[in-house]
Amino acid sequence: MKVTAVETLACDAGWRNYYFVKISTDGGVVGWSEYDEGFGSPGVTAIIEQIGKRVVGQSINDHERIFTELTCLTRPAPGSVIGESIGAIENALLDAKAKARNVPCYDLLGGKMRDSVRVYWSHCPTWRINHPKFYPPAVTDLQGVAATAAEARERGFTALKTNMFIHDEGDAYAWRSGFAVPFQPERNIDRRLIRNIRDHLEALRDGAGPDMDILIDFNFNARPEGYLKLLRALEDHDLFWVEIDTPSAQGLAYVRNHSRHPISSCETLIGLGSFLPYFQQSAMDVAIVDTVWNGVWQSMKIAAMADAFEVNIAPHNFYGHLCTFMNAHFAAAVPNLRIMETDIDHLPWEDELFTHAPEYRDGHLIIPDRPGWGCDPVEEAIRARPPRGTGGLLQYKRPAA
């Protein structure tokens with residue numbers, strides 16, 4: 001069965017857009033994947049539309065050959081949006097290949113190890129602070145933080161992840177200096193920020209109770225000296241992990257060696273070779289793998305390398321429903337899974353865009369047994385919601401004081 005067309009689609013997803021690859025075949029099978037341009041990756045669509053022409057006429061079975069060919073063609077500029085584009089095509093090919101065999105994608109990955117995957121409620125209550133128009137109820141203070149954590153517990157979730165916030169100026173707002181919100185390129189950590197982060201975590205614990213696992217994401221918002229300052233200030237907190245992004249594997253290893261909390265990292269890395277220095281330096285306790293960017297087949301190789309270094313992995317997943325299903329198949333198939341990220345707060349029209357929504361039970365995501373990813377975008381619904389001109393990180397601004 002050969003590819004006859006590679007198309008891209010996009011739709012309005014509130015504060016960002018959702019993006020999709022559609023691969024058509026001469027056998028009538030259609031393969032889908034979801035990708036992203038909003039997380040600092042403008043231009044992925046243009047690249048897919050260019051390199052996708054090289055895929056037309058090739059067999060859907062030959063995704064490894066296609067990946068290698070596209071890698072060769074783009075070798076002077078590897079990674080980043082190039083890598084994400086190739087990963088998006090790979091994921092759509094996997095969906096088509098599995099559908100042609102009438103099997104779930106996890107069958108192509110060696111079969112599933114588990115029927116359900118423990119998840120953590122990500123961006124809790126981040127979306128309700130940053131984007132209350134799309135994710136009500138709005139959270140503006142520490143009482144709202146506690147109430148959201150209590151909701152997570154009442155809905156059966158056993159883990160949640162949050163971010164860095166300022167609460168002492170009235171309405172809460174996110175601290176994201178690594179993403180120019182505010183624009184403080186030095187990314188220093190001061191006492192006031194530490195005090196606000198402690199207040200935020202204490203509110204989460206008050207609402208969630210003693211049995212909830214709490215994770216916090218520091219992103220790129222500091223340098224190793226600042227991360228250590230934060231970690232030392234939070235030593236008395238019971239944290240499942242602290243998530244840190246840094247381009248320095250050696251710097252991260254130094255931070256990890258001085259932390260009483262487990263460290264997770266690597267969500268922005270693309271390609272097997274990019275992960276290797278972090279494993280060699282024993283830089284993190286959990287490796288976060290973005291299967292949307294890397295491609296699920298390539299992500300299985302990354303997970304295998306992590307396994308060789310005795311490191312568990314966790315999927316990076318904060319996109320739409322299709323991405324959640326793509327990550328679910330990956331999480332079902334890898335032996336060295338720690339936990340899976342998922343967003344529970346969704347758009348009011350989210351379910352209209354997809355044939356299926358994820359099913360959660362007792363803090364776990366149920367692995368579907370439908371062919372392919374077990375979820376397709378609904379083209380009519382996508383086309384009915386034209387994409388925004390800009391979205392994601394490129395449009396986000398700190399609320400006025």
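Read-outs: derived from the displayed coordinates by stated rules, not from any lab. Source: prediction; values computed, not measured. Don't worry about glycine lacking a Cβ; one is built from the backbone with ideal geometry, like all the others, and counts go over all protein chains shown.
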On the formula 1/(1 + (r/R0)^6), with r taken between the Cβ atoms of Asn188 and Asn257 and R0 of 25 Å, the FRET efficiency rounded to 0.05 is 0.70
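If Rh is defined by the Kirkwood formula over all Cα pairs and Rg also comes from Cα, what ratio Rg/Rh do you get for the stretch 1-127?
Values: Rg = 15.7 Å, Rh = 15.7 Å.
Radius of gyration over Kirkwood radius for the stretch 1-127 works out to 1.00.
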The long-range amide H neighbours of His316, using H built 1.01 Å from N in the peptide plane and a cut-off of under 5 Å, are Val289, Asp290, Thr291
When Lys and Arg each count +1 and Asp and Glu each count -1, what net charge do the other residues less than 11 Å away from Tyr135, Cβ to Cβ, add up to?
-> -1
Expected sort for Phe325, Phe134 with the fewest Cβ neighbours (10 Å cutoff) up front is Phe134, Phe325
Computed over the stretch 3-102, the relative contact order (Cα-Cα under 8 Å, seq sep at least six) in percent reads 32
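Determine the sum of side-chain charges near Thr8: Lys and Arg each +1, Asp and Glu each -1, restricted to other residues whose C-beta is under 14 angstrom from that of Thr8. Walk me through the intermediate numbers first.
Values: positive: Lys22, Lys53, Arg383; negative: Glu7, Glu34, Asp36, Glu37, Glu49, Glu84, Glu379.
Local charge sum for Thr8: -4.
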Residues with amide H under 5 Å from that of Trp121, placed H, sequence gap 5 or more = Ala159, Leu160, Lys161
Rounded to the nearest 500, what is the 222 nm mean residue ellipticity of the chain from helices alone, with -39500 (n - 2.57) per DSSP H run of 4+ residues and division by all residues?
-> -10500 deg cm²/dmol
